[in-house]
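The structure appears right after this line, and notes come after that.
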Amino acid sequence: MLKALISPLTAGLLLAGFAGSATAQDKTDVQALTKVSYLCERNVELNVVYINGLKNDESAAVLSVDGKLVPMRIWPAASGARYIALDEQDSYRWHTKGDEGMLTFLEADHTAKEQTLFSNCVNKDKAAQ
């Protein structure tokens, strides 16, 4: 994985989106920020910053999609990792297992069905090896 060094100001802005789901945290609580670029079907590139080492050893992610940053929190998954958007109205879901991922969307309607937006997303660094 490509380790990204992110300035404290940028890291603060990324973490600001998580203020509603966690208590205020000191910048020193964050252990690792990791940027990963995925190449998905139709040659679409998705960039994700994973934030590990939050309070209670939780993690989060910020996904760049549709020209915006989508802050996400980790959610229980049967296998791999699943992140869901903090904003229910912008309800993206990012599922990963190993070096692969899939982006889905679930509207904020109890009758809605989850739609796959991009599948077969592969970590670009791992795919090049």
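Bear in mind these aren't lab numbers, they're just calculated from the coordinates by the rules spelled out. Fair warning: this is a prediction, and the values are worked out from it, not measured in the lab. Here Cβ is always computed from backbone atoms with ideal geometry, including for glycine, and neighbour counts include all displayed protein chains.
General remarks:
- Taking label points 7 Å from Cα along the Cα-to-Cβ direction, D125 and D99 give a separation of 1.0 nm.
- DSSP-loop GluC sites (Glu not before Pro) across the range 37-129, with at most 16 other Cβ within 10 angstrom: E58, E107, E114
- Between S79 and K35, the contour length at 0.36 nm per residue exceeds the alpha carbon distance by 13.7 nm.
- FRET E, pair N43, A108, Förster distance 41 Å, beta-carbon r, rounded to 0.05: 0.85
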